[in-house]
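J.: I'd like to ask you about the structure that follows.
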Amino acid sequence: MLFNVRAFMGAAILLLFAASGPLHAAVSLSAGIQAGFMPSPGGNLHSSTHEKIGVGNGIDGINRSMSGYDTKPVDRILGASAGLEFRAVFYDYFFARLAGNFTTRARGGSGTTLYDNGGTPELLDCEYLVHIIDAPLTAGLVVPFWKDVRIAFSVGAAFAYGNYKYYFEPESGGRYKGKFRGYGFPLVLLVEGDYFLNEKLSITASLAYYRGSTDIRRDRYRTDGDTDYARIDFTGYRFAMGASWHFYSR
């Protein structure tokens with residue numbers, strides 16, 4: 001699978017730069033910026049330490065409450081994203097796109113719950129942090145509507161690098177912590193639309209779906225007395241809006 005992804009990415013790169021060859025007379029190039037959001041970056045953020053505190057499904061199962069304890073829900077993370085893109089359209093109907101994105105936590109991922117400390121409920125402060133850098137490369141088809149709207153459908157893969165951390169602090173003292181880094185090549189499906197304000201400038205909106213994760217990564221904190229394991233999940237939807245400058249058309 002990895003070989004096939006690399007072969008596809010190499011072929012798409014060649015397509016992007018084919019504008020200097022026979023397609024030079026029928027190509028449109030644009031560059032743009034986008035900003036948006038990603039629900040649940042990192043997925044449910046499960047790790048083996050969650051099992052030690054009696055949680056079987058990561059952030060989805062960590063919330064517990066009881067009368068007399070001041071808890072605060074730990075919500076899934078909502079990620080904020082920003083990125084750059086470079087696009088090429090050939091003969092009005094064939095599309096290739098290379099982009100770079102950065103996603104980080106905007107809200108969620110922190111709160112206070114309970115855990116069973118030897119049969120006694122105890123408050124547990126929790127914090128999750130996720131940062132993702134990805135570079136998707138896709139190719140597909142463009143469908144023009146009227147003279148002002150263009151919608152592109154494309155598929156490809158991304159190089160994605162993730163950094164996931166958590167901190168659990170029991171009320172009685174001490175700290176569980178984990179830090180994981182790794183990369184993967186998730187599948188990417190993309191729908192992107194342009195509304196042209198004029199021949200050079202368009203407003204863009206996109207919806208992308210990624211599917212894939214890293215392999216199992218070992219905790220990079222080696223001196224806290226606790227060795228943990230987790231995957232960094234890149235699967236999920238990404239919504240973005242932005243603007244593109246169409247700087248070359250011939």
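The values are calculated or read from the model by the stated rules, or taken from the named source; none is laboratory data. Nothing here was measured: the structure is a model prediction, and the numbers come from that model. In this analysis, Cβ positions are derived from the backbone assuming ideal geometry, glycine residues included, and neighbour counts consider all displayed protein chains.
J.: Provide a single number: the residues in segment 132-182 that are free of Cβ contacts under 8 Å to residues at least 40 places away in the same chain and part of a loop (DSSP other than H, G, I, E, B).
T.: 3
J.: Then there is this: Answer yes or no as to whether LEU45 is surrounded by 14 or more Cβ atoms within 10 Å (Cβ to Cβ), in contact with a helix residue (DSSP H, G or I) (Cβ under 8 Å, 6 or more places away or on another chain), of a type outside the set (Lys, Arg) and assigned to a strand (DSSP E or B).
T.: Answer is no for this residue.
J.: Taking segment 155-194 as the region of interest, how many residues are of a type outside the set (Lys, Arg), out of contact with any Asp or Glu (no Cβ under 6 Å at 6 or more places or on another chain) and over 26 Å from TYR69 (Cα atoms)?
T.: Residues in segment 155-194 being of a type outside the set (Lys, Arg), out of contact with any Asp or Glu (no Cβ under 6 Å at 6 or more places or on another chain) and over 26 Å from TYR69 (Cα atoms): 22 in total.
J.: Among the residues of segment 62-83, write down those that are part of a strand (DSSP E or B) and either surrounded by 15 or more Cβ atoms within 10 Å (Cβ to Cβ) or at positive phi (or both).
T.: Correct list: LEU78, GLY79, ALA80, SER81, ALA82, GLY83.
J.: Next question. Report, by residue number, each residue of segment 136-149 that is modelled with pLDDT of 95 or more and crowded, with 17+ Cβ neighbours inside 10 Å.
T.: Listed by number, the residues that qualify are PRO136, LEU137, THR138, ALA139, GLY140.
J.: Hey, among the residues in segment 109-131 that are surrounded by fewer than 18 Cβ atoms within 10 Å (Cβ to Cβ) and not in a strand (DSSP E or B), which one's modelled with the highest pLDDT?
T.: By that ranking, first place goes to GLY119.
J.: If only one of ASP233, ASP194 is in contact with a Ser or Thr (Cβ under 7 Å, 6 or more places away or on another chain) and in contact (Cβ under 8 Å) with a residue 60 or more places away in the chain, which one is it?
T.: Only one candidate qualifies: ASP233.
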